[in-house]
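The next block holds one structure in the form of structure tokens; read it before the comments.
The values are calculated or read from the model by the stated rules, or taken from the named source; none is laboratory data. Predicted model, so just to flag it, every value in this text is computed and none were measured. A quick note on method: Cβ atoms are made from the backbone with ideal geometry, for glycine too, and the neighbour counts reach across all protein chains shown. In case anyone asks, the SASA skips ligands and DNA or RNA and just uses the protein heavy atoms, side chains included. Shrake-Rupley method; radii C 1.70, N 1.55, O 1.52, S 1.80 Å.
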Amino acid sequence: MPPVFRFAPSPNGFLHLGHAYSALLNFERARETGGRLLLRIEDIDATRCRPDYETAIYEDLAWLGISWETPARRQSEHLADYRAALEKLSALGLVYPAFESRAEIARLIAAREVDGPWPRDPDGAPLYPGDAKSLSAGERERLMTSGAPYALRLDMAAARRRVAGLNWNELGAGPDGERGIVSARPEAWGDVILARKETPTSYHLSVVVDDALQGVSEIVRGQDLFHATSVHRLLQVLLGLPEPAYRHHALIRDGEGRKLSKSTRSTGLRELRAAGATPVGIRRSVGLG
């Protein structure tokens, strides 16, 4: 079978040079290996994703000279797939609802940090500090039927008891040069969110389900997702999904050394194109000339 690659942007902003680099790397890998390139639109965040951003993704990729198999998979059209995976994890006793708001979680962390720093995940966000796991089944049911908002979290300790040794094959390199067989440490992320009341999935859950359903065999993505691979490998084992190879690449950074981001309004490809940039120039600017 030919290898399968994918580029999976979210339509919550315009693509920037970092996206161009990742998309071009996937395109080149597919072409070099006689493989297939898929495009996936990760649009589960209904509050931030917009149709015009999705249209811009297609336009920007085509302008760069990238072609992909059609149609693109849109996550919002496959919520039943993620719900089924979530139900499987629930049946294993690995999912529980947590009802604290973001403000309540911030207060809990502040209270705990009186005695010292509270642990953070690899992205720097504090681990979940609540005690929702101790709620009785009756109390959980009462809160859920009352209409209270909640997040469905993975019981990481219980999941790790089910899955001992865990690793992945790194064909690229991590932020500290990690390559080859890398030991996974999903516990560093704490009880990650798998879904919310209003959305039956999260990034972590949907990405592993999609990659399996689409037969993705090599995942080429930025080093900012290197540590998240630990969570993805855990979910793959728990759900009985195949293990792809991973190839993490260096990030494109701005003049101050910060990674490019939609949230910081990094200059988009559309702006660069309007200013006279060419596809060849873009390739050169990301080191692929």
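By a 1.4 Å probe calculation restricted to protein chains, LYS197 has an accessible surface near 100 Å², given to the nearest 10. Computing Rg and the Kirkwood Rh from the Cα coordinates of the stretch 1-158 gives a ratio, Rg/Rh, of 1.07.
Of the GluC sites (Glu not before Pro) found in the stretch 42-145, none is in coil by DSSP with at most 14 other Cβ atoms within 10 Å of its Cβ.
When +1 charges are put on Lys and Arg Cβ atoms and -1 charges on Asp and Glu Cβ atoms, the dipole computed for the stretch 131-198 relative to its Cα centre reaches about 220 debye. Over all other residues within a Cβ to Cβ distance under 15 Å of GLU178, the charged ones net out to +2, with Lys and Arg as +1 and Asp and Glu as -1. Rolling a 1.4 Å probe over the protein chains gives TRP63 an accessible area of about 60 Å². Taking all protein chains as they are arranged and a probe of 1.4 Å, the heavy atoms of THR47 leave approximately 130 Å² accessible to solvent.
Accessible area per residue for the chain, computed on protein heavy atoms with a 1.4 Å probe, is 49 Å². Compared with the dominant Cα axis of the chain, that is its longest principal axis, helix 203-213 is turned about 60°. Across MET156, MET144, MET1, the residue with the most accessible area heads the list, and the full order at a 1.4 Å probe is MET1, MET144, MET156. D by Stokes-Einstein for the stretch 118-162, Kirkwood Rh over Cα pairs, 37 °C, 0.692 mPa s: 260 µm²/s. Expressed as a whole percent, the accessible surface of the stretch 59-162 that belongs to carbon and sulfur atoms is 53, based on a 1.4 Å probe.
Angle of helix 17-33 to the longest C-alpha principal axis of the chain, folded into 0 to 90 degrees and rounded to 10: 70°.
For GLY165, neighbours were defined as the other residues whose beta-carbon sits under 15 Å from its Cβ, and their charges (Lys and Arg +1, Asp and Glu -1) total +3. The stretch 132-205 and the stretch 1-33 have Cα centres lying 26 Å from one another.
The GluC sites (Glu not before Pro) found in the stretch 160-262 that occupy coil by DSSP, while having at most 12 further C-beta atoms within 10 Å, are GLU198, GLU256.
Within the shell of other residues whose beta carbon sits under 10 angstrom from the beta carbon of LEU25, the net charge comes to +2, with Lys and Arg scored +1 and Asp and Glu -1.
How far is helix 51-64 tilted off the main Cα axis of the chain, in degrees rounded to 10, range 0 to 90? The answer is roughly 40 degrees. Dividing the convex hull volume of the alpha-carbon atoms in the chain by its residue count gives 154 Å³ per residue.
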